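We did not get these values from a lab; they are worked out from the coordinates using the rules stated. Because the structure is a prediction, the values reported are computed rather than measured. Counting neighbours? That spans all protein chains shown, and the Cβs are built from the backbone with ideal geometry, glycine included.
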Amino acid sequence: MTGQEPALPRAGAVSHGEGLPEDAAADSTRVEDGDTPRLADIGALDTSLRSTEQRSRTFTGILVNTALANITTSYLWFSLTFWVYLQTRNVIATGVIGGAYMLLIALSSISFGTFVDRYRKLAVMRFAAGFTLVMFVLSAVMFLLTPTAWLLDLTRPWFWVFTLVVLTGAVVENMRNIALSTTVTILIEPDRRANANGLVGMVQGLMFIVTSVLSGLSVGLLGMGWTVVVAVVLTALAFLHLLTLRMPEEVRPAATDAHGAFDLRGSLTAVLAISGLFALILFSSFNNFAGGVYLALMDPYGLEMFSVELWGTYFALGATGLIVGGALIGRFGLGSNPLCTMLFAVSLLGVCGAVLTLREWAWLYIAGIWLYLVLVPFVEAAEQTIIQRVVPLHQQGRVFGFALAFESAAAPITAFLVAPIAQIWMIPYSRSAEGAAQLAPLLGEGISRGIALVFLCAGITIAAAALLAFLTPAYRRVSASYAQAAAETPKATPLPFDP
């Protein structure tokens, strides 16, 4: 992978410009192996303009801003889901909202990655923030002017328009997350990117917990109207703060071969150009395939064990594992081979998923969820760190977008497959006299032994797949590529969040 790390020389006198400028012209060259095309644009980045510490502070500002934006958008669409169900008791409506959100992310991520490659990263983030603000303002206007009965009537267009406006704003905000991954490449020294990606995972965990708790409280105590108002105000604050941030290191957009608004061909080319990169995305998707099982069955299992109020509280407690996992990566990094760390974490995820319901014990379930979520950031941060190291900057947006699209589709596919199997076969079997007697030695007794059987089978499968991945040629190729790229990169000076 010689030559894959983006060059970071001192730039000449180049106009900084504003807005969303198109690609700069550049010569097409090839890396030393003579196989992979690469664009050379040595003047696009200049990391000598500021010190490592100054760039780290800018990254912290971007990270905090993105956290606020993520909390706000998730807060609003989670609240929409709760509000619609409480008002209609219609699971089709809530299913449409959740399914539409995942579908829109899967369909739009490649476009988002294309725009991240074509334009300045901070400009892309500002555009996404501004677009989300406009959508949320429109949703507030719709809620104010449209009778509530019309908004909740699935036979009228107002429900679908209102839902689409909110979800569009929430989905477009994901463009910021792709851009955030590329700002790590620009602002953070290569040897410290794993730590930075760990902090990203920690912030995302905090977002998950805050959103889970606040959305329910907001709908219950304030109502949907004030919830929309709060979301608009917080989105506006995040947008205004983003306008104060500067990233002079990105002198202009790195020259890229990205074209149009949906460069699927370029995304595939970028992924396939690096040996083993598609396998890396597949390895990372192991976590998402397992997540689909829990997406379908974790809440039903918890609600069989606890009241709805207690389940929400206990799940938020378990979700603190995301913060712990991200903090551990921020402190210690991912080691010399992040792919090894990823697959080891995935294998432990499988073991954890298999064990957490071996008995219908509350403490075992909550502790298992906590440990599972501690491991999740290791998988995500490892993927990001490897891509940031071996993929040229001018292709990273499309690679991250392709990975997001691929991985976003994995969990729903698994959920759609597992839920019917559990409902039609495993749960009835476990509650029959014969099934209960056969499962008791392995899974104990209880009304949720069918779900426990699904978790056990899924966990064993994921753990076995991760361990087998260590034996594949793709594992050796990606590990070698990362090691070679790391050897060619000078050692970095410590950052403020380093040990």
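Descriptive notes on the structure:
- With neighbour counts taken as other beta-carbon atoms within 10 Å, the residues Glu434, Glu383, Glu445 rank, fewest first, as Glu434, Glu445, Glu383.
- Distances between placed amide hydrogens fall under 5 Å for Leu45 paired with Val251, all partners being 5 or more residues away or on another chain.
- With the simple spin-label model, which puts each label point 7 Å out from Cα in the Cβ direction, the Tyr429 to Phe332 separation comes to 3.9 nm.
- Computing FRET efficiency as 1/(1 + (r/R0)^6) for Ala316 and Leu221, where r is the C-beta to C-beta distance and R0 is 22 Å, gives about 0.85.
- Between Leu442 and Ser307, full extension at 0.36 nm per residue minus the direct alpha carbon distance yields a gain of 46.0 nm.
- Ordered by the number of other Cβ atoms lying within 10 Å of each residue's own Cβ, fewest first, Asp46, Asp263, Asp117 fall into the sequence Asp46, Asp263, Asp117.
- Exposure proxy shown here: for Val233, Val391, Val134, the number of other Cβ atoms within 10 Å sets the order, fewest to most, as Val233, Val134, Val391.
- Phi-based couplings in Hz for the stretch 60-77 (Karplus 6.51, -1.76, 1.60; Gly and Pro marked x): 4, x, 5, 5, 5, 4, 5, 4, 4, 5, 5, 4, 5, 5, 5, 4, 6, 6
- The phi-based Karplus calculation (6.51 cos²θ - 1.76 cosθ + 1.60; θ = phi - 60°) puts the 3J(HN,Hα) values of the stretch 161-177 at 5, 4, 4, 5, 5, 5, 5, 4, x, 5, 5, 4, 4, 5, 4, 5, 5 Hz, whole numbers, x for Gly and Pro.
- Simple label model, 7 Å out from Cα along Cβ direction - Leu49 to Leu240, nm: 2.6
- Using θ = phi - 60° in the Karplus curve 6.51 cos²θ - 1.76 cosθ + 1.60, the 3J(HN,Hα) couplings for the stretch 120-131 round to 4, 5, 5, 5, 4, 5, 5, 4, 4, 5, x, 5 Hz; x is entered for Gly and Pro.
- In the stretch 45-253, a dipole from Cβ-located charges (positive for Lys and Arg, negative for Asp and Glu) runs towards its positive end, and of Trp226, Val124, Val165 it is Val124 whose Cα lies farthest in that direction.
- Estimated FRET transfer efficiency when R0 is 56 angstrom, pair Val233-Leu471 (beta carbons, to 0.05): 0.60
- Using 0.36 nm per residue and subtracting the Cα-Cα separation, the extra length available between Val64 and Cys340 on full extension is 96.4 nm.
- Charge sum, other residues only, whose C-beta stays under 14 Å from Ile105's C-beta, Lys/Arg counted +1 and Asp/Glu -1: -1
- Modelled FRET efficiency - R0 35 Å, Ala362 with Leu154, Cβ distances, 0.05 increments: 0.40
- Span from the the stretch 135-190 Cα centroid across to the the stretch 326-372 one, whole angstrom: 32
- Radius 10 Å from Cβ of Asn70, net charge of other residues (Lys, Arg +1; Asp, Glu -1): 0
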